[in-house]
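Here's the structure we're looking at; comments come further down.
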Amino acid sequence: MPHGKSDIPDLRLENLQKLISSFTAAPDLVLTGMFGAGENAITDNIEWESIIGNRGLTPFAAPGAPAQATAPGGLAKHFAAAAYWKEKMAFDEVFLNNLRQPGTVNTYESAQARLARETKSLRSRCDRRKEWMYAQMLSAGSFSYSAPKGVKISVDYGVPSANIVTLSAARQWDSGSQRNVLEDIMNAKLSIQTSCGGVVDTAMMTTEVLKMLILDPGMQTLVSKSNFGDGSLFARPSSVLSGLLEIPNWYVYDEQYQITAWLTAVVTGTSTVAVSVDDASDFVAGGTLRFHDVSAGTYEDETISSVDVEAGTVTVATAPAASFKAGEDKVTMTKKFLPVDKFIMFASSVEGNKIAGYFNAPFGLNRSYGLYVDTHEEWDPEVMWIRVQNKGLPVLYNRDALYVMTVT
């Protein structure tokens, strides 16, 4: 009689794939669904073309004369290896035995429920990585990721420097003495329209930036009851500002992700500021590093001052008061997908074509595309692993249809 995961219907590969595919992406992950499901690339070396400007005009010609040759203006070719990400989770013999137990219905359903919960967690974590790539492309115009043999790859989408703007201190939206929010936004819309003919139809920001908008004296005057609408700026700010600025797709996007790393060296209380971790690649300066004492169930927060990915260290501004153990305790950082100091605008399409897309890349011996789940069984100790994988890269076709302002 067969033993192991093969005789458990819920753990058969085809059923696991159906289960993980049945979970829809979290509705809060708006970026992933914004530009379509993407297309399958032939190899994992992704190639795409992008342009600057798109306002050509066909010249007049005399009848019978040869047509004048033309080419897309500002054409650039891009090459990048597809990003690959994966994760696995172990299920021990106790869990497996409960899952196959022919006894009470409650025991069986409990194990099934846990399998569904943990599998959905794997799916959600995998989806968040794809969302993270879109967020980096739209908010920074570039990002870095891991490649084989520990190599780090950086992809730069070539957004014009004129379209990635940092406001001067006097113009900053929170406290600038010469701030003019409406003028900044209108200038950005005009810049995109002039450059590529695109019409800004999407704006994205976090609540921190929305707060600056609705508290700005100039904006409040403009949308007061005597000048605009019914005076409901504070009751429904997104719809009021969307209508006022003629930007129909207005996203206040506060979805977050969490980065976890395990300590690889002891953290000594009141002394250690350079914290050694197993993977420092996703931590960022300015974030909050939370130290977790796993056995005690306590934590402590400190501000990250710098990150050295190659050295595997995250340096905090002040050493934590408590001490933490290597290999047992961990650190986490929770961060919003979009920066809390940026206002992002773009035309989602130019001349009927989407300005961005996504390429799925093949991976594995069976050339899988998209989210894929598989399993592996170990003999001693008896453990069954469930693994999720994905590979691909978002791409930007119209580099000047995107405009990013750092407003504080």
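Every number here is computed from the coordinates shown, using simple stated rules; none is lab data. Since this is a predicted model, take the numbers as computed values, not measurements. Heads up, the Cβs are rebuilt from the backbone with ideal geometry, glycines too, and the neighbour counts pull from every protein chain shown.
The table below lists the values:
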| read-out | value |
| --- | --- |
| Gap separating the Cα centres of the range 387-404 and the range 255-303, nearest whole Å | 29 |
| Order by protection proxy (mean Cβ within 10 Å, highest first), peptides 127-133, 362-368, 330-336, 160-166 | 127-133, 330-336, 160-166, 362-368 |
| Inter-site label distance for Met89 and Arg125 at 7 Å from Cα along Cβ, in nm | 0.8 |
| Net charge of Cβ neighbours under 13 Å - reference Ala322; Lys, Arg +1; Asp, Glu -1 | -3 |
| Pairwise FRET efficiency - Ser161 versus Asp278, Cβ, R0 = 30 Å, nearest 0.05 | 0.25 |
| Dipole moment magnitude, nearest 20 debye, the range 288-401 about Cα centre, only Lys, Arg, Asp, Glu C-beta charged | 700 |
| Values of log10 I(q)/I(0), in the order q = 0.20, 0.22, 0.23 Å⁻¹, for the range 256-336 under a Debye, Cα-only, solvent-free model | -0.77, -0.95, -1.05 |
| Inter-probe distance in nm under a simple model that places probes 7 Å from Cα toward Cβ, at Thr194 and Ala317 | 3.9 |
| Set Lys189/Lys211; Lys77/Lys211; Lys120/Lys354; Lys86/Lys325; Lys152/Lys342 screened for pairs whose C-alpha atoms are more than 32 Å apart | Lys77/Lys211 |
| Packing rank of 268-280, 344-356, where each peptide gets the mean count of other beta carbons within 10 Å, highest leading | 344-356, 268-280 |
| Summed residue charge, Cβ within 11 Å of Ser242's Cβ, Lys/Arg positive, Asp/Glu negative | -1 |
| The range 280-333: GluC sites (Glu not before Pro) falling in loop per DSSP and having at most 16 other Cβ within 10 Å | Glu310, Glu328 |
| Packing-based order for 193-206, 374-387, using average beta carbon neighbours within 10 Å, highest first | 193-206, 374-387 |
| Extension reserve of the Arg236-Ser168 stretch, reckoned as 0.36 nm per residue once the Cα distance is removed | 21.5 nm |
